[in-house]
Amino acid sequence: MRISFHLLASVALLAVASATTLLKMSMNDLITQSTHIVRARITGSRTAQSGTAATGMDIYTYYQLQVSETLKHGAILPAEVAVPGGVYGNLRQIGVGSPVLVQGQEYVLFLWTSRSGMTQVIGLSQGMFNLKQDAAGETVLNRPAIADQMLDKSGKPVTDTAVTMKWTDLRGLIVKTLKTSAAAKQ
């Protein structure tokens, strides 16, 4: 009976998670709507659950960050980032569109911190870029195309494409976009 309940609860959680639709975000959206943009290495993780079976249960994986560079910062630099989904006890929840971060890997993360203080990757997988060295020794960031359902701002389905760019180009784009955004607000 207990195994059946957990199986039923897992199926219900998967059914809810599969209904997630991502809003396509441009690089400009990621830059202007994030509260932090950091270059960080993942040093560990933990999972936690909120809610109940009656009210709706959410599982989050919290990844600890070792930040080496901050390109945009809010009031408090986050020490960890929450990602929907994970394994908590006997329950597994899949966060559709959620990034999977790997301990020891270095990333550029576009983060958003809510009023409650929870920091998440903005746009889910759209706001996470792997960092690698190319054959010439230059740092390059990459985000594979996201296969999950995605809509543009008008609500029409769109197909995502992979993003690859040099680290130096991204830094320049962030500086330019933030300056343009600040000038537009004046």
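The values are calculated or read from the model by the stated rules, or taken from the named source; none is laboratory data. From a predicted model like this one, the values you see are computed outputs, not experimental measurements. All Cβ positions, even for glycine, are placed from backbone atoms using ideal geometry, and neighbour counts span all protein chains on display. Ligands, DNA and RNA are stripped out before the accessible areas are found, and what is left, the full protein with its side chains, is counted by its heavy atoms. Shrake-Rupley method; radii C 1.70, N 1.55, O 1.52, S 1.80 Å.
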Given (1) within 13 Å of residue 40 (Cα to Cα); (2) over 12 Å from the mean Cα position of the chain (by Cα); (3) at pLDDT 95 or above, index of the condition residue 140 fails: (1)
In the range 98-124, the residues that are more than 19 Å from residue 76 (Cα to Cα) and without any contact (Cβ under 8 Å) to a residue 40 or more places away in the chain: 98, 99, 100
Residue match in the range 42-54 (condition: of a type outside the set (A, V, I, L, M, F, W, C) and part of a helix (DSSP H, G or I)): no
Count of the range 38-72 residues which are over 18 Å from residue 129 (Cβ atoms) and not β-branched (Val, Ile, Thr): 15
Yes/no for residue 104 being part of a loop (DSSP other than H, G, I, E, B) and at pLDDT below 95: no
Subset of the range 154-168 (residues that are charged (D, E, K, R) and within 17 Å of residue 107 (Cβ to Cβ)): 166
Count of the range 49-78 residues which are of a type in the set (A, V, I, L, M, F, W, C) and open to solvent by 70 Å² or more (accessible area, probe 1.4 Å): 5
Total residues in the range 55-94, condition without any contact (Cβ under 8 Å) to a residue 12 or more places away in the chain and assigned to a strand (DSSP E or B): 0
